[in-house]
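Here's the structure, in structure tokens; my notes come after.
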Amino acid sequence: MFTKVIHISSLEEAKKFVNVMTKFDNVSMRISMDNYEIDAHSIVGVLSIVDSERNAVFTANLPDNDKNLLKNIEPFIVTA
């Protein structure tokens, strides 16, 4: 299971994120924030969690060391 903390703070970032997710259309991916869980492939769902201050948890049904996914979502990963 691949899990990372991500941040999507604008409409433009949401569009870019969903465009990346379409490269992995056959993989189950979810984003969780508070009590919400949405499909990471859904632009409407991703837009519903856009927030300038809060982070979300991204989970994909792939091995934790999947380099291709990691490279693609790197701009959205929160580094502490």
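The numbers here are math on the coordinates, done by the rules we state, and not lab data. For clarity, every value in this text was computed on a predicted model and none was experimentally measured. With ideal geometry, Cβ positions are generated from the backbone for all residues, glycine too; neighbour counts draw on all protein chains shown.
Brief remarks on what is shown
- What the phi angles of segment 62-75 give under the Karplus curve with 6.51, -1.76 and 1.60, with θ = phi - 60°, is a coupling list of 9, x, 4, 9, 5, 5, 5, 5, 4, 4, 6, 9, 3, x Hz, glycine and proline written as x.
- Principal-axis tilt of helix 11-21 within the chain, Cα atoms, nearest 10 degrees: 20 degrees
- Gain on full stretching of the segment that runs from residue 9 to residue 54 - 0.36 nm per residue minus C-alpha separation: 15.4 nm
- All other residues whose Cβ lies under 14 angstrom from that of residue 39 are scored, Lys and Arg at +1 and Asp and Glu at -1, for a net of -1.
- Selection among 7, 52, 36 by position relative to the dipole of segment 2-76 gives 7 as farthest towards the positive end (Cβ unit charges, Cα centre).
- Net charge dipole, segment 2-76: roughly 240 debye, given to the nearest 20, about the Cα centre with Cβ charges of +1 for Lys and Arg and -1 for Asp and Glu.
- Evaluated over the chain, the count of Lys pairs having alpha-carbon atoms less than 14 Å apart is 6 (only pairs 8 or more residues apart or interchain).
- Among (1) -0.23; (2) -0.34; (3) -0.66, the entry derived from the coordinates for log10 I(q)/I(0) by the Debye sum over Cα atoms at q = 0.11 Å⁻¹: (1)
- Paramagnetic reach from residue 68 (point 7 Å along Cα→Cβ, amide N under 11 Å) across segment 1-38: 23-27
- For the chain, the mean residue ellipticity at 222 nm estimated from helices alone is -8000 deg cm²/dmol, where every DSSP H run of n ≥ 4 contributes -39500 (n - 2.57) and the total is divided by all residues, rounded to the nearest 500.
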